[in-house]
Amino acid sequence: MSINRLTSGQLLTALMAGSLFIFAGCTNSTNTADKESSAQSPQITEQQTQVQHKNPNIILVFLDDAGYGDFGITGSSTPTPAIDALATNGVQLTQFYDASSVCSASRAALMTGRYANRFSFNPVIFPHEKVGLPEKEQTLAELLKSQGYSTHMFGKWHLGHQQGALPLSHGFDEYYGIPYSNDMWPYKRDINNKSDEQAYVYKPNRNSLPLPMIEGNHVVTPSLTPEDQKSLTKDFTDRAIKVIKQKSEQPFFIYLPYSASHIPIFVRDEIKGKSGGSLYQDVIYEYDQQIARMMKALTDKGIDKDTLVIFTSDNGPWTVYGDHGGSAADMRGFKMTTFEGGIRVFTAMHWPNGFKQGLTLTEPAMTIDILPTIAEIIGATPRGEKLDGRSLLATLSGKQSPDSMIKPYFNFHGDSLKSMRYGKWKLHLPGKVRTVTKVGNGGFRGDYGTEQIPLSLYDLTSDPAETTNLVKSHPEVVEQMTTMMAEITAEITTTKQPVGQYGKD
């Protein structure tokens, strides 16, 4: 029986029986999100656009577990003027999504422009695993390198850490960073020192491996300590600024996946308390300080207008850690859920010579759109497998109405397709979802629970917090979206490629 002829009930049964799993990252903001969703898109005219530069320098900042509501421009009390300026002087995308709500799968989709389930990618890669990004998947770095860019990465990789899986094997000329999450190490929060939120003790066990610092393909620090982690944000930024200062005629690509907003959180002594808020807010404050340094370096070099800066996050906040996690504002959900709080993230794109300045886009977009957008900017044709993203260039540069941006975006969790966004609508399949039953504090984790949700349809224009289920009042929308979910499930199931295997004996 063809998909088109299945009833919505049969489609739902098929999806539940053979679903796919990835994580989608969202953020939370009721008042902010309400205002953003109801805002009218500005009228765009050809006269308002800037002259495009074909080969801009590109800096991609990818925060770890940062929530939508963590910045001044989205309602936080943390002062973030440099980050805010990227949005106010560039393009702010208020309904921008991650393709997964957890680390590794989110980064895989960002780097390839494809849903990570297409190549069986793990939601999270742990230190003992020998998997990684498949060699045949073209990364953003490889695309840019093919067009004459120098390619640099400073920060958290988390796409495979065995030899052959590290960044230099996937298109980067230079790499300095950590191979996986900064909590994957043999340290635990010191239960005997609750007053010092940065107090961790060395407690190795048979499952814990060191967290190394890697330069190129070589370990330069075998086991990072809590003191080492305090300086990572500045260290990674220093490397980026060095690239900027040495800029030649060759355009550069800098990938800056900062790790500090992922627990365990640390800041340098001179930053502690500067935000006027929590230790987590100090982390966000330091991000802003480092972005300001980097933007000044671009200006001093005279290349600020010819540089595209993209600022976003890998998924929503880890709210089970309470004051050591970010804020999803007023949205439902958090990291590891496909509610808005888990997958919608604050995003700004700043390119004075290419994108329309002061533009706010309230239409949905996703990290899978970044690679095809950059490909169109530089005139490159991605090779190999089918892309799931599409170029946003015409809209970002002010040449095309945002109304043309409507397309389906699918949200996976592990091997299962969990929800999708289409225009103003969000549809969740029925099943168990994670909840937080107790919020932690001071670096100590709270507790999780689960709840069973029914098939749920939300109008995100009027209900960004996903509170009012409209399944019964809009059966035609449910049927249309269920059909789309069944089609993508069938396609991925029949064409899925294996994950990359590395480090085998």
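Throughout, read-outs are computed from the coordinates displayed, never taken from laboratory work. This one's a predicted model, so the numbers in the text were calculated from it and none came from an experiment. Using ideal geometry, Cβ is built from the backbone for each residue, glycine included, and neighbour counts are taken over all protein chains shown.
Annotations for the structure displayed:
- Placing a label point 7 Å from the Cα of residue 493 along the Cα-to-Cβ direction, the residues of the range 398-422 whose backbone N falls under 13 Å of that point are 416-417.
- Exposure proxy order (Cβ contacts within 10 Å, fewest to most) of 436, 219: 219, 436
- Note: relative contact order over the chain, using C-alpha pairs below 8 Å and six or more positions apart, is 29 percent.
- Checking (i) 0.94; (ii) 1.06; (iii) 1.02 against Rg/Rh (Cα atoms, Kirkwood Rh) calculated from these atoms, the matching label is (i).
- Residues whose amide H lies under 5 Å from that of residue 308, counting only those 5 or more places away or on a different chain, are 57, 58, 59; hydrogens are built 1.01 Å from N in the peptide plane.
- Taken one residue at a time, the phi angles of the range 197-213 give Karplus couplings (6.51, -1.76, 1.60, θ = phi - 60°) of 5, 9, 8, 10, 10, 6, 9, x, 9, 5, 9, 8, 10, x, 9, x, 9 Hz. Gly and Pro are set to x.
- The string of couplings for the range 128-133 from the Karplus curve (6.51, -1.76, 1.60, θ = phi - 60°) is 7, 7, 10, 10, x, 4 Hz, one whole number per residue in order, with x for Gly and Pro.
- Put simply, the amide H of residue 347, placed in the peptide plane, has neighbours under 5 Å in 93, leaving out anything fewer than 5 places away on its chain.
- 3J(HN,Hα) couplings calculated from phi for the range 138-154 with the Karplus curve 6.51 cos²θ - 1.76 cosθ + 1.60 (θ = phi - 60°) are, in sequence order, 7, 8, 4, 5, 5, 4, 5, 4, 5, 9, x, 7, 7, 10, 9, 9, 9 Hz; Gly and Pro show x.
- For the peptides 482-493, 238-249, the ranking by mean Cβ contacts within 10 Å, running from highest to lowest, is 482-493, 238-249.
- Proxy reagent accessibility, fewest Cβ within 10 Å first, across 383, 206: 206, 383
- Under-5 Å amide H pairs with residue 175, H placed in peptide plane, nonlocal only: 153, 216
- Positive-end residue, the chain charge dipole about Cα centroid, Cβ charges, pick of 396, 240, 159: 159
- Here the dipole of the chain is about 540 debye; that uses its Cα centre as origin and unit charges on the Cβ of Lys and Arg (positive) and Asp and Glu (negative).
- Stretching residue 193 away from residue 250 to a fully extended chain increases their span by 15.4 nm, per 0.36 nm per residue minus the current alpha-carbon distance.
- Expected-Rg normalisation [2.2 N^0.38 Å, Cα atoms] applied to the range 284-411: 1.19
- Residues 202, 180, arranged from fewest to most other Cβ atoms within 10 angstrom of their Cβ, appear as 202, 180.
- Cα gyration tensor shape for the range 429-505, rounded if a/c is under 1.5, else prolate or oblate: oblate
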